[in-house]
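Structure record follows, encoded as structure tokens.
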Amino acid sequence: SPKTPTSPIVSTPPPSLEEKLEKSFNLEIPLDVERADLKDVSGGTGSGIATRKFEKQRFTHTVLADLPEPTLGFYEGWLVRGKESDPDFALVSTGKMRIAKGGYIIELESSKDYSDYKGVVVTLEQVDDKKPEKHILEGSF
């Protein structure tokens, strides 16, 4: 019996987290920035990507996050230096996340260089008191 020619099955890789977020936010993450994937540590399905760059005395930091709308409270971003047990441990709030097309976003610009703050955390906050509450996303540069 004649064999039917079979075409090879070409599988395209699933889109990366970066590609998914770029598409849902309708923006392109610049190539000249450091980036960090943010993973959900709360048992949920959230994800995100953080970028940072220090150039010409300007520190820029962005977080794009795909998170469910909180039933209570708000999302807040943080940059973290070291571990809590370290003598130089520090954290700085990068502000409340705002809703944007595709998810939540924070954009920070500062003349202070936060390059030694390698950790990125997104928390779910009930109280606006500059103290981190429930960790939702975490990652590091």
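Evaluate region 66-76: report whether one residue or more is in contact (Cβ under 8 Å) with a residue 24 or more places away in the chain, in contact with a His (Cβ under 7 Å, 6 or more places away or on another chain) and among the small types (Gly, Ala, Ser). Looking for residues that are in contact (Cβ under 8 Å) with a residue 24 or more places away in the chain, in contact with a His (Cβ under 7 Å, 6 or more places away or on another chain) and among the small types (Gly, Ala, Ser), one finds none in region 66-76, hence no.
If you take the residues in region 69-86 that are at negative phi and at pLDDT 95 or above, which one is surrounded by the most Cβ atoms within 10 Å (Cβ to Cβ)?
Applying the filter and picking the extreme gives Gly77.
Determine if region 56-64 includes at least one residue that is open to solvent by 40 Å² or more (accessible area, probe 1.4 Å), at pLDDT 95 or above and part of a strand (DSSP E or B). Checked region 56-64: at least one residue is open to solvent by 40 Å² or more (accessible area, probe 1.4 Å), at pLDDT 95 or above and part of a strand (DSSP E or B). When Ile29 is tested against (1) open to solvent by less than 80 Å² (accessible area, probe 1.4 Å); (2) part of a loop (DSSP other than H, G, I, E, B); (3) under 15 Å from Lys134 (Cβ atoms), just one condition goes unmet, and that condition is (3). The numbered conditions (1) modelled with pLDDT under 95; (2) within 14 Å of the chain's Cα centre (by Cα); (3) open to solvent by 40 Å² or more (accessible area, probe 1.4 Å); (4) not polar (S, T, N, Q) are all true for Lys39 except (1).
When restricted to residues that are over 15 Å from Gly48 (Cβ atoms) and surrounded by 13 or more Cβ atoms within 10 Å (Cβ to Cβ), region 114-133 contains 7. Contact map, region 118-138: first residue within 14 Å of Val92 (Cβ to Cβ), second residue part of a loop (DSSP other than H, G, I, E, B) and β-branched (Val, Ile, Thr), Cβ cut-off under 9 Å, separation 6 or more or different chains; pairs are Val121/Val41. Under the condition of being β-branched (Val, Ile, Thr), free of Cβ contacts under 8 Å to residues at least 60 places away in the same chain and more than 14 Å from Phe59 (Cα to Cα), the residues counted in region 83-117 number 1. Out of the residues in region 87-113 that are among the charged types (D, E, K, R) and farther than 18 Å from Leu137 by Cα, which is least open to solvent (accessible area, probe 1.4 Å)? Checking each candidate, the answer is Asp113.
Here's the yes/no breakdown for (1) modelled with pLDDT of 95 or more; (2) among the small types (Gly, Ala, Ser); (3) in a loop (DSSP other than H, G, I, E, B):
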{"site": "Gly95", "(1), (2), (3)": "yes, yes, no"}
{"site": "Ile99", "(1), (2), (3)": "no, no, no"}
{"site": "Glu109", "(1), (2), (3)": "yes, no, no"}
{"site": "Lys112", "(1), (2), (3)": "yes, no, yes"}
{"site": "Val121", "(1), (2), (3)": "yes, no, no"}
{"site": "Leu124", "(1), (2), (3)": "yes, no, no"}
{"site": "Lys131", "(1), (2), (3)": "no, no, yes"}
{"site": "Ile136", "(1), (2), (3)": "yes, no, no"}
{"site": "Gly139", "(1), (2), (3)": "yes, yes, no"}
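The values are calculated or read from the model by the stated rules, or taken from the named source; none is laboratory data. Predicted model, so just to flag it, every value in this text is computed and none were measured. Every residue, glycine as well, gets a Cβ built from its backbone with ideal geometry; the counts of neighbours run over all protein chains shown. What goes into the accessible areas is simple: the full protein's heavy atoms, side chains included, and nothing from ligands, DNA or RNA. Shrake-Rupley method; radii C 1.70, N 1.55, O 1.52, S 1.80 Å.
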